[in-house]
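Each remark here refers to the structure printed beneath this line.
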Amino acid sequence: MNKQSIRVENLVKSFGKGDNFVDIMDKASFSVETGELIALIAPSGAGKTTLLMMIGCVEEPTSGQIWLGDEKVYDNKWLNKDTRKIRREKIGFIFQAHYLIPFLNIIDNITLLPQTSGQTKEESEKVAMELLKYFDISEKALAMPSQLSGGQNQRVAIARALANKPKIILADEPTAALDNERSISVVKMLKKIAVEQNVAVIMVTHDEAMLPLCDRILKIENKKVVSSLAKESTFI
Amino acid sequence: MINLAKKDISHSLGKFLVTAMGVGMLLGIVLIMMGVYRGMVVDAEILINDINADLWIVQEDTLGPFAESSRVHEDLKNSISIIDGVKYSEAITFQNIQLPQGSMPIRVMAVGYDPFGNINPINPDRLIEGSKLTKDHYQIVVSKETGFKLHDELILARDKYEVVGITEKTVSSGGDLLVYISLKDAQKNQFSYSNNRVRNDRERGITGNDTTMVNAIIAILKNGYNTDEVAKNIKEWKHKSVYTKKEQEDILAKNLIERAAKQIGLFTGILILVSTIIIALIIYTMTLEKMKEISIMKLIGIPNSVIIKMIVEETLLLGIIAFISGNIFSHLIYEKFPKRVVLEISDAGLLFIVVIIASILSSFIGVKKVISADPAAAIGG
């Protein structure tokens, strides 16, 4: 049974003061359940990345409440000052480019975070190898990122995001640097992960071709977040 | 736990090593500078230690032959020799001269002593070929570094001398190579005037020229006598300045080495400061190159401590490799220097501590950059 993974209530975000005042989000509320793949869309500058950073405990909102899983992490202020610990334990990030650490080989890139969280080398490598098998690139475990293609590196980046077994994945335009075929493959992969590993995935995208592959679409409209089912969406 | 510093360095090993070796050459120069100072101290004491006299009797109110000009009569040695407690006393001269050697004359210090006297300034351990002086005239013992060989002949003033002995590592307090000639030849060279000068002096009403002067009288005491008391006795009765071996060493250290030491110390300090700044700049640049990765690491939740550990370890390793290559570099080149360079383990140890402290201070710049890195910079390309 699916349960609520992300809940956002009355989220407000503004920048600057006086003539420079800009409000991006005004009492936005939405929720995401585990197993869901959500597409987050909006015109450029509407605040997609800012919203992603607020959910990811990177950017502090102006006010509102955020729950990640059962834990309320923000209530007009961070309830746990160590936001990096929240990210480490609850969230996996995927970026536009793979952003793997260039001086670490593939398996080290995947095991770095789990080992930092206290897993042993053996445990983390076992999980990493399972993930690499899952993404069909286990033979590249000892290769350096520079030796892999763009698509392979993006799969490694997704494996890294999953290595710490997070319940939330935040993906910032993960298909932006890929061709159409690879983009579809990555989004299908994210959907599969969401279902099989019971993870909530929010994916920022500009690519309308990816929207039908998602469960729901969240659109930032008039500083609010509006939700619709992908297949019924009028956004497309 | 993955060692990020090791992985990062392995990834760009060549660049890291070349950078470290570059800093190492600078540290090598620091070691050489320290070695130059040590060499000066050793050089300054060679002659005093080789002569190994208990007392130095010099012209009244002067500091002795190494610090100030001093002239006393040669026969003073006779009256010194009968003072209670004195076992032997001998006359000695020191004079800087130019030895003819090819197109470039060599500046040396000539030590004049009585070949048949009781105090021999040539340390037998340093005599590597031939013998000490065996005649009163026209023999010379030279330092190996002058380039002369045994039985070579050379012209000094108006006379021809034969090389009868070769010494090694014999230099004056000023670093000039030492040669040894007989006291009589030395007095002739130092105090005899040319015929033209003698004629000119006669026209001026100046007659006579005392060639029996020497620069100092040196004395060795009998066992059981206190050097300070014998020195005091000579001072009172002979109106001369008298210095013990220790006082003579102190005069050398204070008057000849102290200022040079300050100069070298200041230069060494500046070099260490420059090395620190260079290490700091390298670490800053290395950190800047990794800012994107650092932002990503911070974003995905890697604690600052893990990233800071990487920066500090890389800085320390850079310092250690630079220190090792600096040592190798200095040991490869120190013998090429014209003056003595003495590389001591204690100096290297001191430099190691300074390098470690400098590396830690340098790493603060990288650490500050890590702490200020914005994890949000990783999002949005």
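Rule-based calculations on the coordinates, nothing more; no lab input. As the structure is a prediction and not an experimental result, all values here were calculated from the model. Methodologically, a virtual Cβ is constructed for each residue, glycine included, from the backbone with ideal geometry; neighbour enumeration extends over all protein chains shown.
On the basis of the beta-carbon distance and an R0 of 35 Å, B:E162 and B:D210 show a calculated FRET efficiency of 0.80.
Just to be sure I understand: of the beta bridges DSSP finds with both ends in chain B, what percent are antiparallel, rounded to 5? If we restrict to bridges inside chain B, about 75 percent are antiparallel. Residue by residue along A:48-59, Cβ atoms of other protein chains within 10 Å of the local Cβ number 3 on average. Summarising the strand pairing of segment A:4-232, around 60 percent of its internal DSSP beta bridges are antiparallel. Neighbours of B:P303, meaning other residues whose beta-carbon lies under 10 angstrom from its beta-carbon, give a summed charge of +4 when Lys and Arg score +1 and Asp and Glu score -1. For chain B, a Kirkwood radius taken over Cα pairs fed into Stokes-Einstein (37 °C, viscosity 0.692 mPa s) yields D = 131 µm²/s. For the peptides B:270-278, A:212-220, the ranking by mean Cβ contacts within 10 Å, running from highest to lowest, is A:212-220, B:270-278.
Please identify the DSSP H helices in chain B that span no less than 30 Å along the helix axis (Cα) and have a mean Kyte-Doolittle hydropathy of 0.5 or more. Span-like helices in chain B: B:13-51, B:258-289, B:304-333, B:345-372. Pairs of lysine residues in segment B:60-239 that meet both criteria, 8 or more places apart or on different chains and Cα atoms under 16 Å apart, total 19. Taken along the Cα-to-beta-carbon direction at a fixed 7 Å, the label points for B:E344 and B:I270 span 2.4 nm. If you wrap the tightest convex hull around every Cα atom of segment B:60-239 and split its volume per residue, you get 141 Å³.
For segment A:48-124 versus segment B:1-74, the inter-centroid distance based on Cα atoms is 55 Å.
Have a look at B:M40, B:M213, B:M310 and tell me which one the Gaussian network model of chain B (Cα, springs below 10 Å) gives the largest fluctuation. In this elastic network of chain B, the residue with the biggest mean-square fluctuation among B:M40, B:M213, B:M310 is B:M310. Within the listed set B:E249, B:E314, B:E203, the Gaussian network model of chain B (springs between alpha-carbon atoms below 10 Å) gives the highest mean-square fluctuation for B:E203. I'd like the distance separating the alpha-carbon centroids of segment B:192-229 and segment B:125-190, in whole Å. Here the two parts' Cα centres lie 21 Å apart. Here segment B:150-305 is treated as a Stokes sphere of Kirkwood radius computed over C-alpha pairs; at 25 °C and 0.890 mPa s its diffusion coefficient rounds to 104 µm²/s. Charge dipole (Cα centre; +1 on Lys/Arg Cβ, -1 on Asp/Glu Cβ; no other charges) of chain B amounts to roughly 1000 debye.
Secondary structure note: in segment B:60-239, about 70% of the DSSP beta bridges are antiparallel. For the protein assembly as shown, the calculated P(r), taken from all Cα-Cα distances in 20 Å bins from zero up to the bin holding the longest distance, is 16, 30, 17, 14, 16, 7, 0 percent.
Which angle from 0 to 90°, rounded to the nearest 10, does the C-alpha axis of helix A:121-134 make with the longest principal axis of chain A? Roughly 80 degrees between the two axes.
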